[in-house]
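Student: For reference, the structure I am asking about is given below.
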Amino acid sequence: QKYRAALGSKSPVLVLVDQSHAPIFKRLQDNAKRGRIVEKPNDNVGAVFVLGVTQASTFNVKANSNVESLSLFNVAGMIPGKSREKEFVLFSAHYDHLGKIESVEGDSIANGADDDASGTTAVISLAKYYKQLKNNERTLIFVAFTAEEIGGFGAKYFSSKLNPDDVVAMFNIEMIGKESKFGKNAAFITGYERSDFGAILQKNLAGTDFKFHADPYPSQNLFYRSDNATLAALGVPAHTISTDQIDSDKFYHTVNDELETLDAVNIWSTIKAIALSARTIVAGTDTPKRIPKLEAR
Ligand SMILES: [Zn+2]
């Protein structure tokens, strides 16, 4: 807590750290060496931590910091609505992943096949599908976000470019590449109880084998861990659809999240279920309830 307070300080601070905290100090030191990604570099503030000093009357600090700017972009497409052009339905996933991570048996590339190429595949497939149908009354926006893994920057930027009140619903799709804990033909919706989005989808699946469940991992706080979070905080019924067994997925965020681990039938059936269950929202005959807006932080 004190560490965070020091880092968030508005003026430069010097913190003397007791030897008893040496292991944590070492860990934070390693983290600091790796650098971090921020939206805008802030060069006025600094916190210096010194280990094992009990008293100091003077000190010198020598430090180098390299600032590298990254340009990031989302990829989006739109099919204007036939009659309700100002009412948006979003279908999204993130196309970024972790990049290079610590090497395991010579492999250092985290592919992110499930997280979230599977979701991106769904967004592309849905875009193709609705383009063929050509009967959407509401405007459909398909977006592949960047920089989800490093803090949801792509989704945050996107959310600032439209009026959230115009967004009727957001289908964010994350990790649908492996069978869910409910077995085949099932997926879960994060924040199911926060709006009637899930109930509408489920109603539209009546007569099929597919079922949407409430999030079985509430303690993982998944609702606020993906790209739906920004728009949800702004009042949009924005939910994430997933089939991942996050509590036991041994490939999650490792170099082994590879194509071979994916179950194509699971991806296909989930995409089909999303298309089917979204139809009344796309047609404008169902409108999910808004989610209470979060207070400005
Ligand atoms: Zn993800």
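The values are calculated or read from the model by the stated rules, or taken from the named source; none is laboratory data. Since we're looking at a predicted model, the values are computed, not measured. Because the Cβ atoms are built from the backbone with ideal geometry, glycine has one as well, and the counts that use them run over all protein chains shown.
Student: Taking the condition of being surrounded by 19 or more Cβ atoms within 10 Å (Cβ to Cβ), away from the ligand (no atom under 11 Å from the Cβ), part of a loop (DSSP other than H, G, I, E, B) and of a type in the set (Gly, Ala, Ser), how many residues in segment 144-176 meet it?
Tutor: 1
Student: Being hydrophobic (A, V, I, L, M, F, W, C), in contact with a Leu (Cβ under 9 Å, 6 or more places away or on another chain), assigned to a loop (DSSP other than H, G, I, E, B) and surrounded by 17 or more Cβ atoms within 10 Å (Cβ to Cβ) narrows it down to one residue among Val236, Val282; which is it?
Tutor: Numbers: Val282 fails: assigned to a loop (DSSP other than H, G, I, E, B).
Matching residue, one of Val236, Val282: Val236.
Student: Just give me the residues in segment 82-101 being within 13 Å of the ligand (Cβ to nearest atom) and crowded, with 17+ Cβ neighbours inside 10 Å, in sequence order.
Tutor: Ser92, Ala93, His94, Tyr95, Asp96, His97, listed by residue number.
Student: Out of curiosity, is Phe73 away from the ligand (no atom under 16 Å from the Cβ) and in contact (Cβ under 8 Å) with a residue 24 or more places away in the chain? Don't jump to the end; show me each part of the working.
Tutor: Values: away from the ligand (no atom under 16 Å from the Cβ): yes; in contact (Cβ under 8 Å) with a residue 24 or more places away in the chain: yes.
Yes: the conditions hold for Phe73.
Student: Separate question: In this structure, is Lys82 out of contact with any Phe, Trp or Tyr (no Cβ under 7 Å at 6 or more places or on another chain) and farther than 30 Å from Lys2 by Cα? Show your work before the answer.
Tutor: Values: out of contact with any Phe, Trp or Tyr (no Cβ under 7 Å at 6 or more places or on another chain): yes; farther than 30 Å from Lys2 by Cα: yes.
Yes; evaluated as a whole, the condition is true for this residue.
Student: May I ask you to list the residues in segment 195-232 that are surrounded by fewer than 19 Cβ atoms within 10 Å (Cβ to Cβ), under 26 Å from Asn163 (Cβ atoms), of a type outside the set (A, V, I, L, M) and more than 14 Å from the chain's Cα centre (by Cα)?
Tutor: Across segment 195-232, the qualifying residue is only Asp196.
Student: If you go through segment 192-200 one residue at a time, do you hit one that is closer than 30 Å to Tyr157 by Cβ and among the basic types (Lys, Arg)? Outline the logic, then answer.
Tutor: At the first step, the residues of segment 192-200 found to be closer than 30 Å to Tyr157 by Cβ are 192-198, 200.
The next check asks that each one be among the basic types (Lys, Arg); those that pass are 194.
Yes: one or more hits.
Student: Filter segment 106-122 down to the residues that are of a type in the set (D, E, K, R) and closer than 24 Å to Trp268 by Cβ, then identify the one that is farthest from the ligand (Cβ to nearest atom). It would help to see each step written out before you state the result.
Tutor: Of all residues in segment 106-122, those of a type in the set (D, E, K, R) come to 107, 114-116.
From what is left, the residues that are closer than 24 Å to Trp268 by Cβ are 114-116.
Numbers: Asp114: 8, Asp115: 4, Asp116: 4 Å.
So, considering only residues that are of a type in the set (D, E, K, R) and closer than 24 Å to Trp268 by Cβ, the one farthest from the ligand (Cβ to nearest atom) is Asp114.
Student: Output yes when any residue across segment 116-133 is over 17 Å from Ile274 (Cα atoms) and either within 13 Å of the chain's Cα centre (by Cα) or of a type in the set (D, E, K, R) (or both), and no when none is. Steps first, please.
Tutor: Our first condition is that a residue be over 17 Å from Ile274 (Cα atoms); within segment 116-133, this holds for none.
No: zero hits.
Student: Collect the residues in segment 250-264 that are in contact (Cβ under 8 Å) with a residue 60 or more places away in the chain and closer than 18 Å to Ala122 by Cβ, keeping them in residue-number order.
Tutor: Scanning segment 250-264 gives Asp257, Leu259, Thr261, Leu262, Asp263.
Student: Six or more apart or on different chains, Cβ atoms under 6 Å: show the pairs whose first residue is in segment 93-115 and closer than 20 Å to Leu126 by Cα and whose second is within 12 Å of the ligand (Cβ to nearest atom) and aromatic (Phe, Trp, Tyr).
Tutor: His94/Phe145
Student: If you check Val15, Val104, which single one turns out to be modelled with pLDDT of 90 or more, of a type outside the set (Gly, Ala, Ser), farther than 30 Å from Thr230 by Cβ and surrounded by 10 or more Cβ atoms within 10 Å (Cβ to Cβ)?
Tutor: Result of the check over Val15, Val104: Val104.
Student: Oh, and also: Checking the condition in contact with a Ser or Thr (Cβ under 8 Å, 6 or more places away or on another chain) and modelled with pLDDT under 95, which residue from Ser180, Ser226 passes?
Tutor: Numbers: Ser180 fails: modelled with pLDDT under 95.
None of the others qualify; the one that does is Ser226.
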